Amino acid sequence: MSAPALSSDAVIGLDSARFAQHLSQRAYLPAWWLEAKKAAFNQFNALPMPSRTDETWRFSNLKGIDISGFTLPEDPATQIPNHTRFPQTAEIVFSNRQVVGRSTVPAELAAKGVIFAPLDEALKTHGDIVKQYFQKHPASLGSEKFVALNTAFTSSGALLYVPADVEVALPFVVQHTLTGENVAAFPHTIVVLGPRAKATLVEFFISGGAANERQLAAGVNDLHAAEGAQLTYVGAQHWSANTLAFQVNSIVAERDARVLSLNLHLGGRQCRHESNSRLLGPGAHSEMLALTVATGAQEFDQRTLQTHVAPHTTSNLLYKNALLDTAKTIFSGLIIVEPDAQKTDAYQKNRNLMLSDTAEAHSLPGLEIQANDVKCSHGSTSARIDAEQEFYLRARGINPVETRRLLVAAFFEEVLEKLENEDLHVALTGLIASQFKR
Amino acid sequence: MSSLEIRSLYVALAATPDKPIVKGLDLTIKTGEVHAIMGPNGTGKSTLSKAIAGHPDYVITSGDVLLDGKSILEMEPDERARAGLFLAFQYPSEIPGVSIANFLRAAVQARLAEGEELDATAYYKRLYSKMDLLKIDRKFTSRSVNEGFSGGEKKRCEILQMAMLEPKFSLMDETDSGLDIDALRIVAEGVNTLKGGELGVLLITHYQRLLNYIVPDFVHVMYDGRIVKSGDKSLALELEAKGYDWVKTELAAATA
Ligand SMILES: Nc1ncnc2c1ncn2[C@@H]1O[C@H](COP(=O)(O)OP(=O)(O)OP(=O)(O)O)[C@@H](O)[C@H]1O
Ligand SMILES: [Mg+2]
């Protein structure tokens, strides 16, 4: 890695002076993009912070949402951890705001029109694609202020574009690494699959420095599957133990498209995750999956929306939380079936495995059905670890921590086995296992 | 040679500590020995074996259990297992989502020194050879622990675990129930080879049949939480012929 360039920027908060400077450094980018950033910065300032009376923030620890005193990191860290390895097509690694590692897309795929580039580069070379899909369908589940902040300061992220009929077997990987005290990351990744295309993108969100660095992350994804496309997205989050994180997924599936999204939540102090699937064409399917290991005093706050716009669409949501210590999880999910969306099949399940008596799991499932010929169900369960299973493992000499690891892995398996890619399955299992140390 | 000593042991349910189930039981097992315990349903045989293994449902209200002269009562269940105790469960738990391979791997890994990594190739080689010996299909390694197993398959899986973990003392709680005659022979062969080495066995059974294959050095009759009669293998035959009423009458006569 080359020596980081010294920056003349003073470390200040995310104020208008800092924003003006951020913009001026990007003068080479398309005008529409700079305008969008300006509008977003104004929106960020105009929007209120979440408040008690706001239904979309029910049960959230609002006092924990303190975004003051953060700035943009200037230089990449000299040492950054790497995500778990598995066979991949290409990767882009960010440290703070810079690209520090990048492998090129195989020539044969590039020749077919596959684009995989850092967002800033894609804005220059393929600005039209970015413009077409950037925040085309904002998620709007409560974090609009932080999405606006993301747009204003977008710092890392990528565009993956796979044209019609191109299938890519191995995953594309984007790693965001944030290092430093009081610094913020604003990742934004856009995945666009053309008709009948097939691809997987795995995104890692990792803190690179001391385990307790105070950090802020506000990330956004736009995932778009055109007619008959098959998109798999995995987001694996392992921020520092003192990170306040927001991540907002927007998922769009057109006719006969299939999107599987799996978000793995491990790190952070307080993490809000929002995901909205829109099923726009008949035959579209969205598989919405999430796994959370909540330990210590962590809070994971997950809000979802399954919007069935077209008839004959299906969605299946399964969010599983393993809770230890005094951790807290919130799941709030809504299924909306619009009037035209007859023959919708929509399922929503939140399952909590309680490994501690002092952990807290809230579940707020919801349905809003405007069509009359649909199949919808939602439910939530909280169960303790099975004492007989636990004893069986202990009786074989397996220590308490390892016993929990095995039982949590067993609990998660129902979600992980939905991944087609076995290597990815193994990599995520390993990442989860790393949360259970002796 | 190792020894497992059970001294005037009283065991109750943790919820009702004043109502003992095991009521002053004494028994010493040495490695190389096979002790059979027979006794009517509900007499406390499983309670005894689970309490020794450290099951949290039970409390030992008095007495002691010593492994090579040292009490194990303060040890956690996993420590007892690593110290060399093995319980073959009467009703093994099903653990959906944990494969046999991963489960046994964790159990074998648990016995390695801190920081020592398991040699995966050697592990699988050993696992497969034990499976072949016990005539368990290798496909079972990827199946979830006991999930959907037949009664006999569960018991064979218990024996596979015992073979992999090489305990000093094995408490086998009705391992013979549910086994077909071929499986019984295989299990018996397994135990017989192991006991030639450094293994002591406590065999809880209702059937003399098993004892034709695993010849016990001692047979004990357990009744109402105690051992009321001990003898050699002929005692099992006598029990089979006369039933438990014979023991009851003898007991009544003795206490009258
Ligand atoms: N966990 C428990 N909860 C309630 N009662 C229990 C429990 N464990 C044992 N008991 C009771 O204690 C007594 C002894 O049970 P135990 O299972 O030890 O008998 P056993 O000798 O193994 O019988 P079997 O030959 O039928 O296996 C029975 O009356 C049983 O109902
Ligand atoms: Mg029993």
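The values are calculated or read from the model by the stated rules, or taken from the named source; none is laboratory data. Since this is a predicted model, take the numbers as computed values, not measurements. Neighbour counts run over all protein chains shown; Cβ positions are idealised from the backbone, glycine included. Please note that ligands, DNA and RNA were not included when accessible areas were found on the heavy atoms of the full protein model with its side chains. Shrake-Rupley method; radii C 1.70, N 1.55, O 1.52, S 1.80 Å.
Summary table below
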read-out: Accessible solvent surface per residue of chain A, calculated while the other protein chains remain in place, 1.4 angstrom probe, Å²; value: 37 Å²
read-out: Highest average packing first - A:228-234, A:25-31, A:97-103, Cβ atoms within 10 Å; value: A:228-234, A:97-103, A:25-31
read-out: 1.4 Å probe, heavy atoms, protein only - residues of segment A:368-402 losing at least 10 Å² accessible area vs chain alone; value: A:GLU388, A:GLN389, A:PHE391, A:TYR392, A:LEU393, A:ARG394, A:ALA395, A:ARG396, A:GLY397, A:ILE398, A:ASN399, A:GLU402
read-out: Amide hydrogen neighbours beyond the local backbone of A:THR71, cut-off 5 Å, H modeled; value: A:VAL183, A:ALA184
read-out: Sulfur and carbon atoms: percent of accessible area, segment B:1-148 [1.4 Å]; value: 49 percent
read-out: Rounded, prolate or oblate (a/c below 1.5 giving rounded, otherwise prolate when a/b exceeds b/c) for chain A by Cα gyration tensor; value: rounded
read-out: Cβ neighbours within 10 Å from other chains - mean over B:92-105; value: 5
read-out: Shape category assigned to chain B from the gyration tensor of Cα positions, a/c cut at 1.5; value: prolate
read-out: Kirkwood Rh in Å, taken over all unlike Cα pairs in segment B:169-230; value: 12.4 Å
read-out: Packing rank of B:172-182, A:182-192, where each peptide gets the mean count of other beta carbons within 10 Å, highest leading; value: A:182-192, B:172-182
read-out: Label-point separation in nm, B:TYR207 to A:ASN42, each point 7 Å along Cα→Cβ; value: 8.5 nm
read-out: On Cα atoms only, tilt of B:233-242 relative to the major axis of chain B in degrees; value: 60 degrees
read-out: Computed FRET value (nearest 0.05) for B:THR255 with B:ALA113, which takes r as the C-beta separation and R₀ as 41 Å; value: 0.20
read-out: Rounded if a/c under 1.5, otherwise prolate or oblate - segment B:1-78, Cα gyration tensor axes; value: oblate
read-out: Computed E for A:ALA210/A:ALA297 - FRET, C-beta separation, R0 25 angstrom, nearest 0.05; value: 0.85
read-out: Shielding of A:406-412 by partner chains, average beta-carbon count, 10 Å; value: 4
read-out: Built amide H within the under 5 Å cut-off of B:VAL98, gap 5+; value: B:VAL145
read-out: Pairs from A:LYS145/A:LYS437; A:LYS136/A:LYS418; A:LYS63/A:LYS198; B:LYS45/B:LYS242; B:LYS30/B:LYS242 whose Cα-Cα separation, in the structure shown, is over 31 Å; value: A:LYS145/A:LYS437; A:LYS63/A:LYS198
read-out: Relative contact order (%) - chain B, alpha-carbon pairs under 8 angstrom, separation at least six; value: 27 percent
read-out: Shielded by partner chains, segment B:108-147 residues - at least 40 Å² of accessible area, 1.4 Å probe, vs chain alone; value: none
read-out: Lys/Arg +1, Asp/Glu -1 at C-beta; segment B:3-255 dipole; positive extreme among B:LEU179, B:PRO17, B:THR61; value: B:LEU179
read-out: At 1.567 mPa s and 4 °C, Stokes D of segment A:138-245 from Kirkwood alpha-carbon radius, µm² per second; value: 88 µm²/s
read-out: Separation in nanometres of the label points that stand 7 Å from Cα toward Cβ, at A:ASP423 and B:THR16; value: 5.9 nm
read-out: Carbon + sulfur, % of accessible area of chain A - ligands and nucleic acids excluded, 1.4 Å; value: 52 percent
read-out: Average projection area in nm² (convex hull over Cα atoms of segment A:7-130, one quarter of hull surface); value: 11.6 nm²
read-out: Per residue value of the accessible surface for chain B (all protein chains in place, 1.4 Å probe), Å²; value: 44 Å²
read-out: Sorted peptide list for B:88-94, A:392-398, A:111-117, B:198-204, criterion being average Cβ within 10 angstrom, highest first; value: A:392-398, B:198-204, B:88-94, A:111-117
read-out: Radius, Kirkwood style, for segment A:202-326 when every pair of distinct Cα atoms is counted (Å); value: 14.9 Å
read-out: Area hidden from solvent between B and A (accessible, protein heavy atoms only, 1.4 Å, total, Å²); value: 2000 Å²
read-out: Longest exposed-site-free window of chain A, the sites being GluC sites (Glu not before Pro) in a DSSP loop that have at most 13 other C-beta atoms within 10 Å; value: A:1-416
read-out: Space enclosed by the convex hull of the alpha-carbon atoms of segment A:386-438, per residue, Å³; value: 76 Å³
read-out: Contact order normalised by residue count of chain A, Cα under 8 Å, 6+ apart, percent; value: 10 percent
